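*Asks:* Questions regarding the structure given below will be posed in turn.
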Amino acid sequence: MTELKEIQRLEGHTDRVWSLDWNPATGHAGIPLVFASCSGDKTVRIWEQNLSTRLWACKAVLEETHTRTVRSCAWSPSGKLLATASFDATTAIWENIGGDFECVSTLEGHENEVKSVCWNASGTLLATCSRDKSVWIWEVLPGNEFECVSVLQGHAQDVKMVKWHPTEDILFSCSYDNTVKVWADEGDSDDWQCVQSLGEPNNGHTSTVWAISFNAGGDKMVTCSDDLTLKVWETENKGMQSGGGFAPWRHLCTLTGYHDRTIFSVHWSREGIFASGAADNSIRLFVDDNESQVDGPLYKLLLKKEKAHDMDINSVQWSPGEKPILASASDDGTIKVWELIP
Amino acid sequence: MVSGLINANPVIYERKERRARTTPSAPHDEYAVEPIDQQEIFDHIRDIKDPEHPYSLEELKVITEEAVEVDDQRNYVRVTFTPTVEHCSMATIIGLCLRVKLMRSLPLRYKVDIRVAPGSHATEAAVNKQLNDKERVAAALENPNLLDMVDECLAPSYD
């Protein structure tokens, strides 16, 4: 019987934990798994697994830089830099220098709360988004310099999350305006344009879209929303036409009736399982349903974990290690680490 | 003279009599879990002051006891409030006050929904969406001016 087993409950943050991110350069070749978490307590915490006890401990607290809630954090693909986005309108870049985290750059420009930050696959571009309705693309230059190369206007409201495609330089943003927008640099000259908007007319969400995640192949994505649904979308050829143009995404299916309050987070594992975390305190896991009809792949519930936390779950993230390990962050101020036992 | 107030002349209603909490009939057990009921929640919010008048939300009939729905088993509360005028720009502030007061008064396990009464506000859907987006609420409460305004409305009155 498949089980999601609680391995550890991590305390330390003194306010709600908004988000967490696993360091992608950890969890293999004997490197212990590491993740960062961020909170309404204005701090970021770095947690590292002890290879003998298999348990996590807080290795560093990144504080006195952000002056308001730290809403989101993201490791660069090399795992050397950590970007943190805050309600104080800035994004900070931290470098791990011999175990100490030093703030090496502060990105300013958004008018108000920055809500999400994400690195592209090669680590050469960074995207941020804000309540000011804009999405910014920053180029990573030598010497920890960051230059804004584009300010994308198009959302009518608050932008909740930005996410790069796992292999292509295509950016996705989801918003309080209920849409997901797809941005691509078509002219090859920092000429970023909205190439697609997925909204209600395309079977899209009917309320705030909170999060987005891609499958390992990059030809499918899943979104979650305040409308209590999860939606799976697909495209041809990872979103790129063979000629170089953009291939559109289309709605594949909608998963309804699994959560009864806002779904804040969704994350697709490399093994093809996607996890959702919601304001109903529960976690759900979904997998490909091989027995479904000829129309194409649909998804079935693999497991439900009621009362995974005492309060809302804001983030669920699969680890990059060999074992199927999931971490969840909650309004209850804790982070839990789970192992999926098949 | 043109008044700067959104609603210069609100109707004032009688306050409801304050009832003593009904005591359980069984011998009192101080460790017994006492369920949270409609009256208790109404008592938490009835004295919140209107942002622009020296009256309570109860006196202005912005909230009534009947507008409080509670399901203690499911840790769920919904408060439906009725702004005094349809275009009330204070609706989000009132909603924020209700949310903060309940956040500070109820056990953390409670899920709270706040909404304006159907048909009582010109931008009902927008107000409801904003009041129930916890990220927007969290950001608003980090704004010192907004927090001052909310604390002002929640300050105890000594009349």
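The values are calculated or read from the model by the stated rules, or taken from the named source; none is laboratory data. The structure presented is a predicted model; accordingly, all values stated were derived computationally and were not measured. When we count neighbours, we look across all protein chains shown, and the Cβ atoms used for this are built from the backbone with ideal geometry, even at glycine. Just the protein is used for accessible areas: all its heavy atoms, side chains included, with ligands, DNA and RNA removed. Shrake-Rupley method; radii C 1.70, N 1.55, O 1.52, S 1.80 Å.
*Asks:* Which condition does residue A:153 not pass, out of (1) on the phi < 0 side of the Ramachandran plot; (2) within 14 Å of chain B (Cβ to nearest Cβ), if it passes all the others?
*Replies:* It is condition (2) that residue A:153 fails.
*Asks:* Working carefully through the options A:34, A:17, find the one that is crowded, with 21+ Cβ neighbours inside 10 Å and either among the polar types (S, T, N, Q) or within 14 Å of another protein chain (Cβ to nearest Cβ) (or both). Can you show your working first?
*Replies:* Working: A:34 fails: either among the polar types (S, T, N, Q) or within 14 Å of another protein chain (Cβ to nearest Cβ) (or both).
Testing whether each residue is crowded, with 21+ Cβ neighbours inside 10 Å and either among the polar types (S, T, N, Q) or within 14 Å of another protein chain (Cβ to nearest Cβ) (or both) leaves just A:17.
*Asks:* Further, regarding this structure: In the range A:169-189, is there at least one residue being open to solvent by less than 50 Å² (accessible area, probe 1.4 Å) and in contact with a helix residue (DSSP H, G or I) (Cβ under 7 Å, 6 or more places away or on another chain)? If you could, list the steps in order and put the result at the bottom.
*Replies:* Residues of the range A:169-189 that are open to solvent by less than 50 Å² (accessible area, probe 1.4 Å), as a first pass: A:170-185, A:187.
Those still in the list that are in contact with a helix residue (DSSP H, G or I) (Cβ under 7 Å, 6 or more places away or on another chain) too: A:170, A:178.
Yes, that holds for at least one residue.
*Asks:* Still on this structure, please answer the following. Quick one: which of A:313, A:283, A:263 is over 24 Å from residue A:165 (Cα atoms), at pLDDT 95 or above and under 14 Å from the mean Cα position of the chain (by Cα)? If you could, list the steps in order and put the result at the bottom.
*Replies:* Values: A:283 fails: under 14 Å from the mean Cα position of the chain (by Cα); A:263 fails: over 24 Å from residue A:165 (Cα atoms).
The conditions single out A:313.
*Asks:* Can you tell me which residues in the range A:2-22 are within 21 Å of residue A:50 (Cα to Cα) and touching a Gly at 6+ places or on another chain (Cβ under 9 Å)?
*Replies:* A:11, A:12, A:13, A:22
*Asks:* Of all the residues that make up the range B:69-102, how many are open to solvent by 40 Å² or more (accessible area, probe 1.4 Å), farther than 14 Å from residue B:43 by Cα and either in contact with a strand residue (DSSP E or B) (Cβ under 7 Å, 6 or more places away or on another chain) or not in a strand (DSSP E or B) (or both)? It would help to see each step written out before you state the result.
*Replies:* Taking the range B:69-102 and keeping what is open to solvent by 40 Å² or more (accessible area, probe 1.4 Å), we get B:69-71, B:73-74, B:76, B:78, B:82, B:84-87, B:89-90, B:92, B:101.
Checking which are farther than 14 Å from residue B:43 by Cα leaves us with B:71, B:73-74, B:76, B:78, B:82, B:84-87, B:89-90, B:92.
Still in the running and either in contact with a strand residue (DSSP E or B) (Cβ under 7 Å, 6 or more places away or on another chain) or not in a strand (DSSP E or B) (or both): B:73-74, B:76, B:78, B:82, B:84-87, B:89-90, B:92.
The total comes to 12.
*Asks:* Limited to the range B:105-159, what total is found for residues that are more than 11 Å from chain A (Cβ to nearest Cβ), touching a residue at least 24 places away in the same chain (Cβ under 8 Å) and in a helix (DSSP H, G or I)?
*Replies:* Number satisfying all stated conditions: 10.
*Asks:* Let me ask something else. Anything in the range A:298-324 that is more than 13 Å from residue A:21 (Cβ to Cβ), more than 14 Å from every other protein chain (Cβ to nearest Cβ), in contact (Cβ under 8 Å) with a residue 40 or more places away in the chain and open to solvent by 10 Å² or more (accessible area, probe 1.4 Å)? List them, or say none.
*Replies:* Selection gives A:298, A:299, A:301, A:302, A:303, A:304, A:305, A:322, A:324.
*Asks:* So residue A:99 passes all but one of these: (1) under 23 Å from residue B:135 (Cα atoms); (2) at pLDDT below 95. Which condition number does it fail?
*Replies:* In the conditions (1) under 23 Å from residue B:135 (Cα atoms); (2) at pLDDT below 95, residue A:99 misses (1) alone.
*Asks:* Across the range B:114-146, what is the number of residues that are open to solvent by 40 Å² or more (accessible area, probe 1.4 Å) and of a type in the set (Asp, Glu)?
*Replies:* Of the residues in the range B:114-146, 2 are open to solvent by 40 Å² or more (accessible area, probe 1.4 Å) and of a type in the set (Asp, Glu).
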